[in-house]
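What follows is a single structure, written as structure tokens, with notes after it.
The values are calculated or read from the model by the stated rules, or taken from the named source; none is laboratory data. Note that the coordinates shown come from a computational prediction; the quantities given were computed from them, not determined experimentally. All Cβ positions, glycine included, derive from the backbone under ideal geometry; neighbour counts span all protein chains shown. Remember, those area values only see protein heavy atoms, side chains included, never the ligands or the DNA or RNA. Shrake-Rupley method; radii C 1.70, N 1.55, O 1.52, S 1.80 Å.
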Amino acid sequence: MSSSLLPLTSSFTNAHRPFKARTNQTQGFRVSCNSAPNGHNDNKLILPESQKLILPPNVDRRNLLVGLGGLYTAANLSSLPAAMAAPITAPDITSICKDASAGISNQAEAVRTRKCCPPALGKTIKDFVFPTDKTVRMRWPAHKGTKEQVDKYRAAIQAMRALPDDHPHSFASQAKIHCAYCNGGYTQVDSGTGFPNIDIQIHNSWLFFPFHRWYLYFYERILGKLINDPTFALPFWKWDEPAGMPIPDMFVPETVDGKPNPLYDVYRDADHINERIVDLDYDGKDKNVSDQTQKLCNLSTVYRDLVRNGGDTISFFGGKYVAGDSPVDNSDPSVGSVESGSHTAVHRWVGDKNQPNNEDMGNFYSAGYDPVFYIHHTNVDRMWKLWKDLGIAGHVEPTDSDWLNASYVFYDENEELVRVYNKDCVSLDKLKFNYIENSKEVFPWRKSRPEKRNPNSQVAPTTVVNTVEQTKFPVTLDKILKIRVKRPAVNRSEAEKAKANEVLLVKKIKYDSGKFVKFDVFVNDKLKDGVFTTPCDPEYAGGFAQIPHNDMKSMFMSSSARFGLTELLEDTNTDGEEYATVTLVPRTGTDDLTVGEIKIELVPVGA
Ligand code: C2O
């Protein structure tokens, strides 16, 4: 109902403006290339470098907490001094693992198993070593695959499907990796001093990009090994280019040459196959727009995810998330721009809305059963690379030791258990894979900054809008919320803008994590009557969207979102105004969602 308040009568124009980086300055960023230090595989505390200056060697952090007179308990660890945090550390995934219960609201009818723990083969965890391959695996755009590429890919998935389920390389075992890491399979028992009652969650924080990069790294090498091809590379679903926006053809037919198509999955939205253009801003309802409009809107979404809302490390990667953090009790790390934007929309768009938990792609526990999941995520991973390659100041990976030293455990292509660290997945050169781009490619989304609003189409608001100070938080989003937010500065100079981005923070968002959730954020949408703002317009700041998933203890989870305002305010001719008028529009699943805080900050570039 609420969505009809802002219908898609598009005031969107096709004229797009060329992308211009605010500055060409590139920031040097280096990570240590050493493989992981020894001793990371036991339960000892891993101290980041900064901490070693403060704590004597071998101090047990648990004793230290006691020594502080119980002031710091697991429940309020987020108030610990930053230097005392510790990275999220996956336990031995084969021995410390529980059935997935989280985020599956309809457990009785779940179409996939919730038993997601990997097979235990009695292996001890080894440290990761970089591949010594001679060739770099070049991931290819799925819609442009040659017959040879597609045949090979099909053969590899077929070989994976032929393995017994309890083999670590089987189709089911690979799917279950996502289920276990995302739906409550592991706890933080080995993270820092150990938090056996807090689950590990690799979504909604700065773990999102690195975890999935590692997951795909092993998945690709396993597939290559199954068909004996050390050059095997995955395709990517290039939804950032108009020709690549439908689900790639090879996934669609049920059979190929009279045999089952290994890339087919029965649990997909039947309305969204066969050349339908993906909606990168999908909220659960199909928009009534032309393909051409949808394509242009999608390009604006990619632009927004990578440039406007990805202007600093945390806005792009997601917020800090360390040992002791629980999105249920004590922390609300922000969700990154791509994760909350195009990434979540595609999951929801592909998943079957007629299944009890939107299987497969529409729920984390089942997503890995659809081969499309992996090629969606190769493109998500590619977004990280493209974002970095823009060379904009601020587009750098986190340098915090709690990010660098966060680790996961996977079975590698040799069925060995290996522990991998975020710091070792930053360089694609070292991991020996990369992405094929068209030669001299100018990415279409780079020219898709929404067109500047014509001042004549704008009017002053006719109703009085309360300020943040006049509003009692938390606010429930059971209807549209309009609120005025004071800005830290107006009309900043180009030089000032190059130093810091103006960012809208929507914080302490508490939502039912068993539901698909989405609300949209518009800023200064002061259009004349009869003209409505759409997600393709400059007033659209972005959306907050969640795939169902939750912690074992509570239905409600807490998160936050960040939206870049610098360009938005320029493009809506409102950079001189003291307040920004922010409109939160409920789209789905928000009747019991509350927002605890809204503010605007200047975020230094590179912070
Ligand atoms: Cu782990 Cu697309 O999700």
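Below, the figures for the structure above:
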quantity	calculated
Sparse-neighbour loop sites [trypsin sites (Lys or Arg not before Pro); the range 254-362; at most 14 other C-beta within 10 Å; DSSP]	LYS285
Rough spin-label spacing in nm, given labels placed 7 Å along Cα→Cβ, for THR463 and LYS447	4.0 nm
Given charges at beta-carbon only (K, R positive; D, E negative), |dipole| of the range 273-365 in Debye	300 debye
Percent accessible area from carbon and sulfur atoms, the range 510-607, protein chains only, probe 1.4 Å	51 percent
Where the range 121-447 is the region considered: accessible area per residue in Å², 1.4 Å probe	30 Å²
Neighbour cut-off at most 14 other Cβ (10 Å), DSSP loop, trypsin sites (Lys or Arg not before Pro), the range 132-177	LYS134
Magnitude of the charge dipole, the range 170-287, Cβ model with Lys/Arg +1 and Asp/Glu -1, debye to 20	440 debye
5 angstrom amide H check on THR187, placed H, neighbours 5+ away	ILE200
Shape of the range 455-604, Cα gyration tensor, a/c cut at 1.5	prolate
Beta bridge orientation in the range 487-607: antiparallel %, DSSP, nearest 5	100 percent
Shape category assigned to the range 215-263 from the gyration tensor of Cα positions, a/c cut at 1.5	oblate
Pair GLU494, ASN454: separation of 7 Å Cα→Cβ label points (nm)	2.7 nm
Among the listed pairs LYS287/LYS432; LYS320/LYS528; LYS134/LYS423; LYS144/LYS285; LYS238/LYS287, those beyond 32 Å (Cα-Cα)	LYS287/LYS432; LYS320/LYS528
Whether the range 121-447 is rounded, prolate or oblate, judged on the alpha carbon gyration tensor where a/c under 1.5 counts as rounded	rounded
Share of carbon and sulfur in the accessible heavy-atom surface of the range 121-447 [1.4 Å probe, %]	51 percent
Sites GLU416 and GLU597 - FRET efficiency at Förster radius 51 Å, r taken between beta-carbons, to 0.05	0.65
